[in-house]
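Report on one structure; see the data block that follows.
The values are calculated or read from the model by the stated rules, or taken from the named source; none is laboratory data. Given the structure is predicted, the values throughout are model-derived calculations rather than measurements. Don't worry about glycine lacking a Cβ; one is built from the backbone with ideal geometry, like all the others, and counts go over all protein chains shown. For accessibility, only protein heavy atoms count, side chains too; no ligands or nucleic acids. Shrake-Rupley method; radii C 1.70, N 1.55, O 1.52, S 1.80 Å.
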Amino acid sequence: MLSPQRRDQLTGLALLAPTVLLFAGLIFYPMAQSLFLSLHKVSTLTQRTQYVGLANFQALFADPAFLTTFFNTIVWTVGAVLLQLVLGVAGALVLNGRLVGRSLARGLLLFPYLLPTAVAVLVWRWLFNDLYGLINHVLMSVGLIAAPIAWLSQSPNAMITVILVGSWKFFPFVIIAVLARLQSIPESLYEAAQVDGASRWAQFWDITLPQLASVLSVVILLRGIWDFKEFDLIYLMTGGGPGISTQTLPILVYREAFQLLNFGRGAAVAVTMFGFMLLFFAVHIWATRHHETEGR
Amino acid sequence: MRGRIGFALYNLLVWCLVVAVAFPLLWMIGTALKPNDETFAIPPTLIPAHPTLAQFHRLLTDTPFLTYFTNSVLVAAGTTILVIVIAVAGAYGLVRFRFPGRSLIAHMVLFTYMLPAVVLLLPLYLIISAIGLANSLFGLVIAYTTFALPFALWLLRSFIAGIPLALEQAAMVDGAGRLRAFVDVVLPQAVPGIISTAMFSFILSWNEYLYALVFINVDERKTLPPGVLTMLNQNQNVEWALLMAASVLMSVPVLLCFVFLQKHLTRGFGASSVKG
């Protein structure tokens with residue numbers, strides 16, 4: 001007969017068993033296989049594998065196209081995260097204050113986050129359309145530009161457009177995280193500052209921003225991770241083009257593995273990305289720990 | 001007096017910006033209601049001069065849209081049901097039981113939630129092809145489990161942790177076993193959390209594009225995102241009004257969930273892992 005304590009523990013394990021099995025089979029086993037494939041040459045026809053050591057990685061890092069792709073990924077991630085931060089903090093401040101129709105405004109600002117990426121892309125591609133797009137039409141009719149701009153098919157434009165659309169789609173995350181924190185800043189801090197005659201601007205820099213610092217650092221990490229791995233939005237906006245000027249690492253994985261059928265090399269890119277994820281994740285854990293011990 | 005005018009001006013300014021952010025959505029609806037010849041009219045109009053549902057009608061009768069829609073519903077609902085059943089048990093196990101490796105599992109959950117889909121894409125594709133599920137909706141459900149399960153576990157964990165332990169203990173003192181207490185006491189308390197987790201999982205699966213693009217190569221099994229995007233790339237002359245009608249219909253289920261989910265957005269966006 002098992003002791004009640006022991007039986008309780010077994011119940012717990014039984015409840016967790018399906019989760020653990022699915023994680024093992026669908027996440028950890030494929031992760032290991034990615035690693036395995038990245039060290040092999042895979043024949044497209046027979047899928048026979050041949051161990052090649054780090055050759056896939058060496059070929060990758062020596063390829064200028066990979067370096068461009070890596071650089072694009074950094075530009076996209078940094079650009080999108082920064083713009084999201086500015087828009088998100090501004091949105092949160094507005095929604096935290098007095099505003100007529102605040103809950104409607106909140107809904108309208110937050111909705112893009114849950115909108116299917118495919119829909120966001122379709123609408124924006126229609127707005128940015130070279131010939132019939134509303135944006136070119138408006139800019140031309142107010143005289144800002146003389147001829148239609150190729151928003152998505154010319155080189156620096158495409159990256160800028162993608163960053164703009166990505167920020168529009170993902171900035172609600174920053175709003176929601178910052179808004180939750182704003183509501184817990186003690187009102188007394190602002191009252192004291194008002195007594196001292198501090199301007200609104202000074203209150204923002206000296207009270208609000210320092211209070212938000214901890215949230216913002218975690219928001220930067222999370223959004224950084226999520227934007228770093230974003231495939232759908234960029235691929236659907238530009239397909240990585242023109243040329244490879246908006247190709248990011250996830251798009252490269254897809255191309256190598258499923259368009260060029262170069263499984264080993266695709267896996268090598270994926271594993272490289274995974275290495276960066278580990279780094280991000282380590283920083284995330286370190287930051288939250290650091291913060292908990294420092295906080296209280 | 002000056003304060004009041006200032007407040008009115010401030011509101012006007014803020015609302016202009018809010019409308020600017022929401023504008024693409026209004027433009028989508030406006031275009032979807034236009035007849036074809038109005039789509040490319042110059043100057044463009046936001047509100048159609050002759051609003052019509054013709055695009056919706058054509059979408060449902062002349063294009064495979066309805067097939068894509070049905071497939072999307074099946075995959076998203078299938079994923080949600082599978083994931084919720086497993087995650088409710090798993091989350092309860094994680095929250096209420098002490099055993100070695102518990103915090104390791106919790107960290108793993110968060111970690112896998114952030115894992116890039118492309119890292120798993122190739123091996124999952126090989127596995128799913130090997131077991132003969134390529135081009136099947138069930139294969140897609142299996143693939144979606146890889147992101148929906150960690151997400152649901154993470155969310156449910158926080159909901160279940162919020163249920164007072166005393167209720168269960170009272171039931172167990174009264175002679176109910178652990179499982180009885182779970183079914184009779186915890187589950188009913190967790191219903192709101194389970195419903196919102198289900199809705200978020202549904203949206204995640206509904207919106208997914210990459211796995212659907214890679215795993216499904218036959219038109220009659222495609223889900224909405226790759227299906228509708230195929231419609232965009234098929235024609236030389238893009239029928240934007242038709243595509244906007246498709247976008248509107250694709251957004252409706254998400255909008256319905258969104259309205260119900262207002263209260264839980266902080267958790268559902270994943271922002272609850274942001275500690276402040």
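Can you bin segment A:9-89 into rounded, prolate or oblate? Criterion: square roots of the alpha carbon gyration tensor eigenvalues sorted a ≥ b ≥ c, rounded for a/c under 1.5, prolate for a/b above b/c, oblate for the rest.
On the way: a/c = 3.73, a/b = 1.11, b/c = 3.35.
Here segment A:9-89 falls in the oblate category.
If you fit an axis through the alpha-carbon atoms of helix B:137-161 and take the longest principal axis of the Cα set of chain B, what angle between them do you get, 0 to 90°, nearest 10?
For helix B:137-161, the angle is close to 60 degrees.
Counting alpha carbon pairs within less than 8 Å and at least 6 residues apart, what relative contact order, in whole percent, applies to chain B? Don't skip to the end; give the middle numbers.
Details: 251 pairs, mean separation 82.8, N = 276.
Reported as a whole number, the value is 30 percent.
Which value, in debye to the nearest 20, describes the size of the charge dipole of segment B:63-273 about its Cα centre when Lys and Arg Cβ atoms bear +1, Asp and Glu Cβ atoms bear -1, and nothing else is charged?
Numbers: 10 positive and 7 negative charges, 125 e Å.
Here segment B:63-273 has a charge dipole of around 600 debye.
Are any of the pairs A:LYS229/B:LYS34; A:LYS41/A:LYS229; A:LYS169/B:LYS34 more than 32 Å apart by Cα-Cα distance, and if so, which?
Numbers: A:LYS229/B:LYS34 37 Å; A:LYS41/A:LYS229 25 Å; A:LYS169/B:LYS34 25 Å.
The answer is A:LYS229/B:LYS34.
What does the convex hull of the alpha-carbon atoms of segment A:83-224 project to on average, in nm²?
Details: hull surface 44.7 nm².
Directional mean of the projected Cα hull area for segment A:83-224 stands at 11.2 nm².
In vacuum, with every alpha carbon of segment A:186-296 counted as one equal point scatterer, what does the Debye formula give for log10 I(q)/I(0) at q = 0.14, 0.15, 0.16, 0.19 Å⁻¹? Two decimals, please.
Each listed q corresponds, in turn, to -0.74, -0.79, -0.83, -0.98.
From the C-alpha gyration tensor of segment A:200-241, pull out the three semi-axes of the equivalent ellipsoid (sqrt of 5λ each), sorted largest to smallest, in whole Å. Spell out each step's value before the answer.
Numbers: eigenvalues 230, 32, 5 Å².
Semi-axes, largest first: 34, 13, 5 Å.
Taking the convex hull of the Cα atoms, report for segment B:158-208 its projected area averaged over all directions, in nm². Show your work: numbers first, answer last.
Details: hull surface 15.2 nm².
Approximately 3.8 nm², given one-decimal rounding.
Between B:ALA134, B:ALA152, B:ALA171, find the one with the highest GNM mean-square fluctuation for chain B; connect C-alpha pairs within less than 10 Å.
Checking each option, the largest mean-square fluctuation is seen for B:ALA171.
Amide H of A:HIS40 versus every other amide H placed in the peptide plane: which residues, excluding those fewer than 5 positions away on the same chain, fall under 5 Å?
For A:HIS40, whose amide H was placed from the backbone, the distant partners under 5 Å are A:VAL52.
What percentage of all Cα-Cα pairs in segment A:133-190 are separated by more than 12 Å? Before the final figure, lay out each step's value.
Values: 1246 of 1653 pairs.
Value for segment A:133-190 (Cα pairs over 12 Å): 75 percent.
A:TYR29: accessible area at probe 1.4 Å, nearest 10 Å²?
Approximately 120 Å² for this residue.
Suppose a student asked you for the relative contact order of chain A, using Cα pairs under 8 Å spaced at least 6 residues apart; what percent would you report? Let's see the in-between values first.
On the way: 294 pairs, mean separation 80.4, N = 296.
Relative contact order, chain A: 27 percent.
Could you compute how much accessible surface A:TRP226 exposes when probed at 1.4 Å, giving the result in Å² to the nearest 10?
Looks like 30 Å² after rounding.
Using only the alpha-carbon atoms of the protein assembly as shown as identical scatterers, what base-10 log of I(q)/I(0) does the Debye formula give at q = 0.09 Å⁻¹?
One equal scatterer on each Cα of the protein assembly as shown leads to -0.76.
For segment B:63-273, just run the numbers: alpha carbon Rg, then divide by 2.2 N^0.38 Å, N being how many residues it has. All intermediate terms of the calculation are to be shown ahead of the outcome.
Numbers: Rg = 19.6 Å, N = 211, 2.2 N^0.38 = 16.8 Å.
Working it through for segment B:63-273, the quotient is 1.17.
On a 0 to 90° scale, report how tilted helix B:224-234 is relative to the longest principal axis of chain B, with both axes built from alpha carbons and the result rounded to the nearest 10.
The helix B:224-234 is inclined about 30 degrees to chain B.
Is the shape of segment A:1-157 rounded, prolate or oblate, going by the alpha carbon gyration tensor and its root eigenvalues a ≥ b ≥ c, with a/c under 1.5 for rounded and a/b larger than b/c for prolate?
Numbers: a/c = 3.02, a/b = 1.34, b/c = 2.26.
Because a/c hits 1.5 or more and a/b fails to exceed b/c, segment A:1-157 counts as oblate.
Considering chain A as a Gaussian network with a 10 Å cut-off on Cα pairs, which listed residue, A:PRO242, A:PRO18, A:PRO116, attains the greatest mean-square fluctuation?
A:PRO18
Just going by the charge dipole of segment B:213-276, with Lys and Arg at +1 and Asp and Glu at -1 on Cβ, which of B:LEU232, B:THR266, B:LEU242 is farthest out on the positive end?
Working it through, the farthest residue towards the positive pole turns out to be B:THR266.
For segment A:76-97 and segment B:180-209, write down the distance between their C-alpha centroids in whole Å.
Between the Cα centres of segment A:76-97 and segment B:180-209 lies a distance of 30 Å.
So for segment A:194-296, averaging the separation of alpha carbon pairs under 8 Å that are six or more residues apart and normalising by length, what relative contact order in percent results?
Working: 49 pairs, mean separation 20.9, N = 103.
Relative contact order for segment A:194-296 comes out at 20 percent.
Taking chain A as a Gaussian network, Cα atoms linked when under 10 Å apart, which of A:LEU16, A:LEU26, A:LEU182 shows the biggest mean-square fluctuation?
Per the Cα network of chain A with a 10 Å cutoff, A:LEU16 tops the list.
Where Rh denotes the Kirkwood radius from the mean inverse Cα pair distance, what is Rg over Rh for segment A:101-173? All intermediate terms of the calculation are to be shown ahead of the outcome.
Numbers: Rg = 14.1 Å, Rh = 13.5 Å.
Here the Rg-to-Rh quotient is 1.04.
Order the following by accessible area, largest value first: A:PHE71, B:PHE215, A:PHE274. Probe radius 1.4 Å; ligands, DNA and RNA are ignored.
A:PHE71, A:PHE274, B:PHE215
If you line up the long axis of helix B:117-130 against the longest principal axis of chain B, both from Cα atoms, how many degrees apart are they, to the nearest 10?
80
Cα convex hull of segment A:28-68: how many Å³ per residue? Could the numbers behind the result be given before it?
Details: hull volume 3.6 nm³, N = 41.
Measuring per residue, one finds 89 Å³ for the Cα hull of segment A:28-68.
Please calculate the 1.4 Å probe accessible area of B:ILE42, with all protein chains present, and give it to the nearest 10 Å².
130
Taking Rh as the Kirkwood radius, which is the inverse of the mean 1/r over Cα pairs, what is the Rg/Rh value for segment B:2-52? Let's see the in-between values first.
On the way: Rg = 15.7 Å, Rh = 12.8 Å.
Radius of gyration over Kirkwood radius for segment B:2-52 works out to 1.23.
Taking each residue of B:256-265 in turn, how many C-beta atoms of other protein chains fall within 10 Å of its C-beta, and what is the average?
Numbers: counts 0, 1, 6, 2, 0, 2, 4, 0, 0, 11.
Whole-number average of other-chain Cβ neighbours for B:256-265 is 3.
Hydropathy at least 1.6 by Kyte-Doolittle, axial extent at least 24 angstrom from the Cα trace: which helices of chain A, defined as entire DSSP H runs, fit?
On the way: long enough: A:4-23 (28 Å, 0.44); A:64-96 (47 Å, 1.66); A:155-182 (39 Å, 1.54); A:209-228 (27 Å, 1.46); A:263-295 (46 Å, 0.65).
Taking the DSSP H segments of chain A (at least 24 Å long, mean hydropathy at least 1.6), we get A:64-96.
Can you put B:ARG180, B:ARG98 in order of accessible area, largest first, using a 1.4 Å probe? Mind showing how you got there, number by number?
Numbers: B:ARG180 130, B:ARG98 165 Å².
Greatest to least solvent exposure: B:ARG98, B:ARG180.
Taking a ≥ b ≥ c as the square roots of the eigenvalues of the Cα gyration tensor of chain A, is the shape rounded (a/c under 1.5), prolate (a/b larger than b/c) or oblate?
The shape class here is oblate.
A plus B alone minus the pair: what accessible area, both sides summed, probe 1.4 Å, in Å² to 100? Show your work: numbers first, answer last.
Numbers: alone 18080 and 16120 Å², together 25900 Å².
Buried surface at the A/B interface: approximately 8300 Å².
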